[in-house]
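One structure is given here, and the rest of the page talks about it.
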Amino acid sequence: MIRNFLFVLKRFRTSAVLNIIGLSVAFAVFSVTMIQCYYDFSYNRSFKNAKDIYQFSCFWEIFEKQSAHISIPLAHAITDRFPEVKACCILDRGGNKLFNPQADQGTSFLFHLINTNEAFLDVFTPRILAGDAKEVFAEKNKAMLTEDVAKRLFGKNDPIGQTIWQDTVSYVVTAVCESFPANSSLTNGVYTTVLGSVGYDKMGMYNYEGYFLLDRKDVLPLQEKLEQMKFEGAIDLVRVEFIPVAEKYFRRDVNIYGEKQGNLATTLSLMAIGIITLLMSFINFMNFSVAMIPARIREMNIKKIMGVNPRLLQALTVSEAPCFALLAFLTSLFLIVLFQGTRLDEFFPADLFLSKNVGILAVIALTGMFLSVLFGIYPAWKITSFQPAMALSSSFAQSKQSVALRNILIVLQFFAAIVLTGMAIFIKVQYDYMTNYSWGFQKENIVYLSVASKNFITIYEDEIRQNPTVLDCTASNAIPGYINQNWGMKMEVDEKEIALAVWVVRNDFLRFFDIEVVEGRDFIPDDDGKSRFICNRTFLKKYELNDIIGKKVDRYEIVGIIKDIHFESLHSEIRPMGFITQRSYYNGGRHWLFVRIAGENTLQTIDYLKETWSKHTDDPFDIHFLDDQLDSLYQSESTLARLISIFGIIAVIIAIMGIYGLIVFNAKYKAREIAIRKVNGSTIREIILMLNRDVLLQLSIAFGAAVPVTVYIVDKWLENFAYKIAVYWWVFLLSGGVVLLITLLTVSAQSYKAARMNPTQTLNIS
C-alpha cells in the first residue's frame with residue numbers, strides 16, 4: 001500500500017501536491033471551526049447535574065420582555081411549595097471588586113464577587129479542593145475562592161483561614177474549589193453567602209438569578225402550575241419558562257448583564273464553513289482522481305495482464321485516498337500550531353492547543369479517513385472496471401459520464417465559493433453600518449475608568465483637569481451599551497404603571513456627551529442632591545404622555561425631555577429611557593468616570609492619567625476608549641465577517657485549484673484538437689475561450705443557484721438586528737465577480753500556455 005502510494009506521488013506529482021495542499025488547509029480550517037463549535041455547544045455542560053439544572057424566567061408585562069430574574073422570597077416559596085424542586089440556587093453577580101490579602105496595603109486584585117446560597121453546592125457541585133464549603137453559607141463574611149483566585153492572592157501559601165479585604169469589608173477564606181471552565185456561565189472569583197444581601201427578604205426585589213434542580217419530566221407541569229398560582233407580593237407569573245442551563249448560552253432574550261453570550265448564527269456559520277471547506281477539498285481530490293483515470297488505465301491494464309487480482313487493484317487504489325488524507329491531516333496539525341501565533345487566534349474563545357483537543361482531533365481524523373474512502377471508491381472502481389481495449393484510448397476522459405460528474409462537482413465548488421463570498425460581504429456591510437451608525441451622542445476621544453470611591457473621583461478629577469489635554473469629565477453608574485437597570489415606576493398624575501431603563505448620572509452628564517434636551521431643561525449642579533428625571537421621546541410615545549414637565553414619576557420630578565439616543569446595541573430597538581440624579585450621582589458600588597481628551601498627543605495624555613492615578617491609589621489602572629467599547633458590542637459580527645472572509649477566500653482558492661486541475665486535464669486531452677484548430681487558423685484568444693467556455697458556464701449555473709440560497713441565509717441572519725441594511729443586489733454581482741475574476745486569473749495562464757503550444761509537436765509534423 002505504501003509503495004503504491006509513493007508511486008502515485010512520484011508519477012502524478014502536480015495533482016498530488018495540489019491535493020495535499022488543499023486537503024491540509026481544509027483540515028486545518030475544519031479542525032479550528034469544530035473546536036470552536038464544540039466549545040460553544042458544550043457550554044455549561046461540564047456540571048455534573050447539567051441536564052437537570054434549569055434557570056427560572058418569566059414574562060414581565062410591564063417591560064414587555066422575558067426576564068431571567070427572581071426574588072429570593074419567591075424562589076424559597078416555589079421550593080417549599082413544590083416537592084419536585086430538589087434544590088434552588090440563588091445567584092447574585094456582584095460585579096468586579098477590588099480584593100486585597102492585607103488590610104489597606106499591598107497590591108489589590110480585581111475579582112468577581114458572587115453571592116449565593118448553600119444550594120449552590122448541590123446544584124452546580126463544584127469540586128472542593130480545600131476547606132469546608134458549607135461554612136461559607138453558615139454566616140456572613142466567609143468566602144470560597146476558586147483555585148485561580150486563591151493562587152493569585154496567596155501564591156503557594158495555604159489560603160484556608162486567611163482574611164481578604166474588599167474596601168472595608170473582610171472575608172475569612174474557608175474553602176477553595178476547582179476553577180470553572182471558560183465555557184461556563186459561572187465565573188471564577190470570590191463566592192460568599194447571599195444572606196443579608198440587598199432585598200434579601202423582599203418579594204418584589206427581582207435582583208437575583210434562580211437555578212432549580214428538576215427532573216426533565218417535571219419541568220412543563222411545574223411551569224403550568226406556576227402560571228396558575230399567585231404569590232403574595234410577587235409579580236404575576238406569566239409565561240414561566242425553566243431554561244435548561246446547557247441551552248441558555250444562545251438565548252439572547254434572557255441574557256444576564258455581564259454574562260457571556262453566544263450567537264447561534266455565528267456558531268452554525270462556522271460549522272457550515274468548516275464542513276463546506278472540507279467537502280470542497282475532497283471534491284477536488286475526486287476531480288483530480290477522475291481526471292487521472294485515462295493516464296492510469298494503461299498501468300492498471302499491465303497489472304491485470306501480469307495476473308494481479310482486480311479486487312486487490314481496487315483495494316490498493318482505494319487505499320491511496322486515506323494515505324493522502326492522513327498525510328494532509330498531519331500537515332494540518334502543523335498549520336494549526338502556526339495559526340496559534342497569529343492574530344487570528346484571538347477570534348476564537350476556545351483553546352486551540354492540540355494537547356487540549358486530542359479527542360476532537362481524533363474524531364476529525366476518523367471523519368477524514370471515512371470521507372477519503374467514500375470519495376476514493378468511485379475513481380478506484382472506474383480505474384479497475386475498464387475493458388482492456390480502453391487502455392489504448394482516452395475515450396473515458398471525454399465520455400458523457402465522466403464529463404457530467406466533473407461538471408457537477410465543479411458547480412458545487414463554485415456554488416459554495418459564491419455563497420461564502422456573498423455572506424462575507426453582507427456581514428461586512430452590516431458591521432460597517434452598525435459601527436458608523438449615529439448613537440445620538442459624542443463618543444470620540446472619550447476614555448473611561450472604573451472607580452470605587454466617590455471621594456477618589458473628586459480628588460482625581462480635580463487634579464487631571466489641570467492638564468490642558470483633559471477637556472472635560474463626568475460620571476455615571478453605567479457605560480453606554482450596558483444599561484443594566486430596569487425600573488417599574490408609577491406616574492403621579494394618573495397612577496399609570498410604566499417601565500423603563502434607568503441611567504443614574506451626574507448633573508453634567510448630558511452636556512458632556514452633547515445630548516440635546518428638546519423640551520424643558522438639562523440637569524443643573526443643584527440637582528445632584530435631589531431626585532430629578534429626564535426622559536427620552538420614546539418614553540412619551542410608548543405611554544402616550546403629554547405636558548409632563550414638572551410632573552413626577554414616583555418621587556422623581558421630570559425636568560426635561562431629550563431626543564432619542566441609542567444606549568444599547570443595534571440588536572435592540574430604542575426603548576423608554578430615563579436619566580436620573582438621586583441623593584448624588586454616586587449611589588454605592590463601583591462607578592464610571594468619563595474623560596474627554598484632546599485628539600493630539602493621546603499617548604502622552606494616557607500616560608499622564610495613569611501617573612496621576614498611581615499617586616492616589618494602588619487599584620489597577622483599567623482605561624478604555626469609549627468608541628472601542630461601543631464597537632466591541634458587535635464583536636461577534638466583526639469576528640464572523642473576518643472569519644468568513646478568510647475562510648471564504650480559502651474555499652475559493654480550493655475551488656480554483658480544482659478548476660486549474662480541470663484546465664490542465666482539458667489541455668492535455670484536447671491537445672490534438674487545439675493543434676488542428678491552430679493549423680486551421682484559430683487565434684490564441686479563440687482557443688483560450690474554448691478551454692474556459694465550460695468553466696464560465698459552470699460558474700453561471702452556480703451563481704444562479706447561489707443567489708436565492710444567500711438571500712435566505714442573509715435574511716435569517718439579519719433578523720438578529722433591529723436596525724439593519726437591505727439585501728443589496730450589487731452584493732451578489734460583486735461576489736460572483738470576485739469568484740469570476742480569481743478563476744480567470746488563475747486558469748487563463750494555463751489556458752494561454754496550452755494555446756501557444758506548437759501544433760507540430762502534437763501532430764508529429766516533420
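Beyond 32 Å in Cα-Cα separation lie the following of the pairs Lys156/Lys615; Lys51/Lys542; Lys225/Lys551; Lys610/Lys724: Lys51/Lys542; Lys225/Lys551; Lys610/Lys724.
The residues of segment 140-294 expose on average 43 square angstrom of accessible surface per residue, using a 1.4 Å probe on protein heavy atoms.
In plain terms, the chain from Val711 to Glu259 could stretch by 159.5 nm, reckoned as 0.36 nm per residue minus the Cα-Cα distance. Apolar share of the accessible surface for segment 414-472: 52 percent from carbon plus sulfur atoms, 1.4 Å probe. A Stokes-Einstein calculation at 10 °C with viscosity 1.306 mPa s, built on the Kirkwood radius of segment 476-563 over Cα pairs, returns a diffusion coefficient of 118 µm²/s. Rg and Dmax over the alpha-carbon atoms of segment 106-248 stand at 17.7, 55 Å. Put a plus charge on the Cβ of each Lys and Arg, a minus charge on the Cβ of each Asp and Glu, and nothing anywhere else: the dipole of segment 68-193 about its Cα centre is then about 180 debye. Can you grab the distance from the C-alpha centre of segment 416-485 to the C-alpha centre of segment 236-255, Å, no decimals? If we compute the Cα centre of each part, the gap is 29 Å.
With K and R counted +1 and D and E -1, the other residues having a Cβ less than 12 Å from that of Glu135 yield a net charge of 0. Here segment 414-468 is treated as a sphere whose radius is the Kirkwood value from Cα pairs; by Stokes-Einstein at 20 °C and 1.002 mPa s it diffuses with a coefficient of 136 µm²/s. The slack between Phe370 and Ile408, meaning 0.36 nm per residue of separation minus the straight C-alpha distance, is 11.5 nm. Accessible surface calculations at 1.4 Å, restricted to protein heavy atoms, place segment 47-136 at 42 Å² per residue. Spin-label model, Thr683/Asn207: points 7 Å from Cα along the beta carbon direction are separated by 8.2 nm.
Computed over the Cα atoms of segment 48-150, the ratio of the radius of gyration to the Kirkwood radius (Rg/Rh) comes to 1.03.
Classification of segment 15-94 by its C-alpha gyration tensor yields a prolate form. The axis ratio a/c (a ≥ b ≥ c) is 1.5 or more, and a/b outweighs b/c. Apolar share of the accessible surface for segment 102-166: 42 percent from carbon plus sulfur atoms, 1.4 Å probe.
Each of the peptides 30-40, 719-729 was scored by the mean count of other Cβ atoms within 10 Å over its residues; in descending order, highest first, they stand as 30-40, 719-729. Separation of segment 90-147 and segment 508-531, taken as the distance between their Cα centroids, equals 39 angstrom. Calculated accessible area for segment 405-502 comes out at 38 Å² per residue, all protein chains present (probe 1.4 Å; ligands, DNA, RNA ignored). With 0.36 nm allotted per residue and the present C-alpha distance subtracted, the Leu326-Val727 stretch has 140.2 nm of extension available.
Decide, for segment 129-201, between rounded, prolate and oblate: order the square roots of the alpha carbon gyration tensor eigenvalues as a ≥ b ≥ c, take rounded if a/c falls under 1.5, and otherwise choose prolate if a/b is larger than b/c, else oblate. Oblate shape, in that a/c is at least 1.5 and b/c is the bigger or equal ratio.
Peptides 564-570, 417-423 ranked from most to least packed give 417-423, 564-570, packing being the mean of other C-beta atoms within 10 angstrom over each peptide's residues.
The values are calculated or read from the model by the stated rules, or taken from the named source; none is laboratory data. The shown structure was predicted, so the numbers you read here are calculated from the model rather than taken from an experiment. Because the Cβ atoms are built from the backbone with ideal geometry, glycine has one as well, and the counts that use them run over all protein chains shown. Note: accessible area is taken over every heavy atom of the protein model, side chains too, but ligands, DNA and RNA are not part of it. Shrake-Rupley method; radii C 1.70, N 1.55, O 1.52, S 1.80 Å.
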